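Novice: First, the structure itself, so that you have it in front of you.
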Amino acid sequence: MRYLLLLLLSFNVYAVDIKAKITGDIKSVYKIQSVLKPLQDIINSEDFKKRVLKAKYTSTTDTPEIIYKKIMESSWDLQLEVKRHWLCRVKGWTNPSIKTIYFNSCGFLQRDDAGLAGTVAHEWMHKIGYGHKNASDIMSVPYSIGNIVVELYGKKN
């Protein structure tokens, strides 16, 4: 019995289920939809868990274990919208006080799937309370998690 309990504790007890309401033109909506299932598989993977727990983060006092738990326990009930941002280099934006995650329509259809999945993950980290000082804060939770997703997406496909 003791061995069974240890075995059960070693498995990932969390599972993210991504749901999304997407607004935009038909091609953009389809593009976003196509990356959500692979993103969900990555977040639920053991590789993702190992990478999140091993990473070093700035801009937070949370431990990697707390960060992972928040990611996995949050309700990934997304509202996504493609619209124009005045700066083309901005891939996405949001803040915790609004429900929607926005993607910049500037160059959107040319973006690769891994980068788009990473942007979803990055912006979701803002939704669950993590921030960064600026775009060069690459070890912040949003950038680190987004980069982990991009790397794992590349290995998956």
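Novice: With the checklist (1) of a type in the set (F, W, Y); (2) surrounded by fewer than 18 Cβ atoms within 10 Å (Cβ to Cβ); (3) not in a loop (DSSP other than H, G, I, E, B) in hand, flag the one item F48 doesn't pass.
Specialist: (2)
Matching residues to (1) open to solvent by 10 Å² or more (accessible area, probe 1.4 Å); (2) touching a residue at least 60 places away in the same chain (Cβ under 8 Å); (3) of a type in the set (A, V, I, L, M); (4) under 23 Å from Y14 (Cα atoms):
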position: P64; (1), (2), (3), (4): yes, no, no, yes
position: S75; (1), (2), (3), (4): yes, no, no, yes
position: C88; (1), (2), (3), (4): yes, no, no, no
position: C106; (1), (2), (3), (4): yes, no, no, no
position: K127; (1), (2), (3), (4): yes, no, no, yes
position: A135; (1), (2), (3), (4): yes, no, yes, no
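The values are calculated or read from the model by the stated rules, or taken from the named source; none is laboratory data. Here the structure is a predicted model, which means the values were calculated and not measured. Here Cβ is always computed from backbone atoms with ideal geometry, including for glycine, and neighbour counts include all displayed protein chains. Just the protein is used for accessible areas: all its heavy atoms, side chains included, with ligands, DNA and RNA removed. Shrake-Rupley method; radii C 1.70, N 1.55, O 1.52, S 1.80 Å.
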